[in-house]
Amino acid sequence: MSTQPPKRRAILVIEDETDILEVLRYNLSKNGYDVLTAESGEKGLDMANAKVPDMVLLDLMLPGVDGLEVCRQLRSRERTRAIPIIMLTAKGSEADIVLGLTLGADDYVAKPFSPTELVARIKAVLRRNEGGTGRREAEEAGMMRLGPIVLDAQKHEVTIDNSPVSLTLSEFKLLRFLVQRRGRVFTRDQLLDAVVGPDVFVTARNIDVHVGALRRKLGDAGRYIITVRGVGYRMEET
Ligand code: CA
């Protein structure tokens, strides 16, 4: 892990609650980020378009143009398409979270959140977005590792502590997808697309069967696949 201080990055916070806005402004500035704020979706979209920030923190419950629509619009415009987005969501809004992830948000943090956790998520998302593609391509061709799990993408082989694990092709694809994108939460539909392709008609719940089988085969290491209740799954070294 690098210890050098991060380059100064601009984070646009779109949030209508001024208390939360102030907490965010304080904590993000303290962590070395430049903080821009917008109190409505319209203003946020204008600001993101005028000067593309390094990240958008997006409250979903906004008056007027709501967070999901902001997300949709950011992703649909060439200029703002690649901005990493972390959604700020209310507890119990799993359906909105799933929709937001489907629209291309990178992650979400549920309110009330701890500033420490939020900053950790911001760092993780920024890290994934920098050189993430390069690493992914390198990994596509070679070896990947997560905890004791080693995955050979060329040979389609998986070992845990050097013992081979026999996976079906779907299980292998699922594991590769999650290991490559570790830390990021995916909806069941996104995982199904990755594993069986978008044209195969199976229900999203089928992914639970694949995940269950994969976890069993991974044994102890199955715990690295984390169920995100009501949303989907993420893989993480815990
Ligand atoms: Ca709000």
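The values are calculated or read from the model by the stated rules, or taken from the named source; none is laboratory data. All values reported here derive from a predicted model rather than from experimental measurement. Cβ sites come from the backbone with ideal geometry, for glycine too, and all protein chains shown count toward neighbours. We work out accessible area using only protein heavy atoms, side chains counted, and drop any ligands, DNA or RNA first. Shrake-Rupley method; radii C 1.70, N 1.55, O 1.52, S 1.80 Å.
What are the residues in the stretch 28-64 that are open to solvent by 20 Å² or more (accessible area, probe 1.4 Å), within 18 Å of residue 89 (Cα to Cα) and at pLDDT 95 or above, if any? Across the stretch 28-64, the qualifying residues are 37, 39, 40. For residue 21, the criteria (1) within 12 Å of the ligand (Cβ to nearest atom); (2) over 19 Å from residue 106 (Cα atoms); (3) open to solvent by 10 Å² or more (accessible area, probe 1.4 Å) hold in every case but one, which is (3). Of the helices (runs of 4 or more DSSP H) contained entirely in the stretch 1-99, those carrying at least 1 residues that are within 22 Å of residue 185 (Cβ to Cβ) fall at 18-30, 67-76.
For the stretch 193-232, give me each residue that is open to solvent by less than 10 Å² (accessible area, probe 1.4 Å) and closer than 23 Å to residue 145 by Cα.
Listed by number, the residues that qualify are 195, 207, 211, 214, 218, 221, 222, 225, 232.
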